[in-house]
């Protein structure tokens with residue numbers, strides 16, 4: 001059994017129910033039945049639940065321009081390969097190929113995520129989606145719009161959406177956007193904002209998602225540090 005299969009077999013929790021459960025259908029159900037967990041709903045976000053939710057939303061982002069290209073599947077696979085290894089990437093793409101063929105009721109999916117997924121996992125989810133969209137070196141306007149929309153619909157604050165977006169789409173003020181402060185913030189405000197964001201985006205916040213997803217969450221944490229160092233250098237802050 002490969003890594004991705006183990007995540008699914010380990011339990012989907014709330015993701016097995018509602019619209020997400022309907023989308024992943026028999027593929028995930030077969031894994032759960034092997035473990036005898038069918039019908040047991042968990043209130044917390046499990047590794048398996050986060051993984052399949054990410055795939056469902058990835059499919060939505062891929063379909064944002066109205067077509068699915070082999071190149072898109074290839075770059076999603078490269079992202080999963082880099083993040084989680086060969087076996088997990090192969091299994092994830094196999095499931096994704098089934099998901100992209102289905103109609104995805106995004107409103108209902110987002111409502112289910114908002115009601116059941118903790119806030120830290122939702123911001124991490126956006127970071128993953130932007131990372132996948134950027135895997136080919138360019139984030140299309142339609143992809144950006146949909147990822148931001150997913151953030152709003154799942155209850156992520158506008159400031160946190162802008163913070164995550166700025167980690168991938170950099171403008172002149174990107175470092176300030178990441179730290180969620182205006183460009184005219186005082187040096188003391190900059191230091192306070194860095195400490196606040198370092199706590200908010202610390203990988204330990206998503207430790208319940210498992211070691212692999214927590215390891216990947218370090219990228220977001222490092223971007224906060226990068227933004228802070230950029231501002232310090234610009235302002236000559238010691």
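Compared with the dominant Cα axis of the chain, that is its longest principal axis, helix 70-84 is turned about 80°. Would region 190-238 count as rounded, prolate or oblate if I go by the C-alpha gyration tensor, calling it rounded below 1.5 in a/c and otherwise prolate when a/b exceeds b/c, oblate otherwise? Prolate is the answer for region 190-238, as a/c is 1.5 or above and a/b outweighs b/c. To test your reading of the geometry: what angle, between 0 and 90 degrees and rounded to tens, separates the Cα axis of helix 86-99 from the longest principal axis of the chain? That helix lies at roughly 70 degrees to the long axis. Take 169-175, 158-164 and order them by the average number of nearby Cβ atoms within 10 Å per residue, most first; the result is 158-164, 169-175.
With the Kirkwood sum run over all distinct C-alpha pairs, region 137-221 has a hydrodynamic radius of 14.1 Å.
Each peptide in 122-131, 177-186 gets a packing score, the mean of other Cβ atoms within 10 Å over its residues, and the list from highest to lowest is 122-131, 177-186. Only helices enter the 222 nm calculation for the chain: every DSSP H run of n ≥ 4 contributes -39,500 (n - 2.57), and dividing by all residues gives -22000 deg cm²/dmol, rounded to 500. Computed from Cα atoms, the angle from the helix 211-235 axis to the main principal axis of the chain rounds to 20 degrees.
Of the three principal axes defined by the Cα atoms of region 3-235, the extents in descending order read 57, 35, 32 Å. Considering only 80, 50, 16, the Gaussian network model of the chain with Cα springs below 10 Å gives its largest mean-square fluctuation to 80.
Where a number appears in this text, it was derived from the coordinates with a stated rule and is not lab data. It should be emphasised that the depicted structure is a prediction, and the values quoted were computed from it without experimental measurement. Ideal geometry is used to build each Cβ from the backbone, glycine not excepted, and the neighbour counts take in all protein chains shown.
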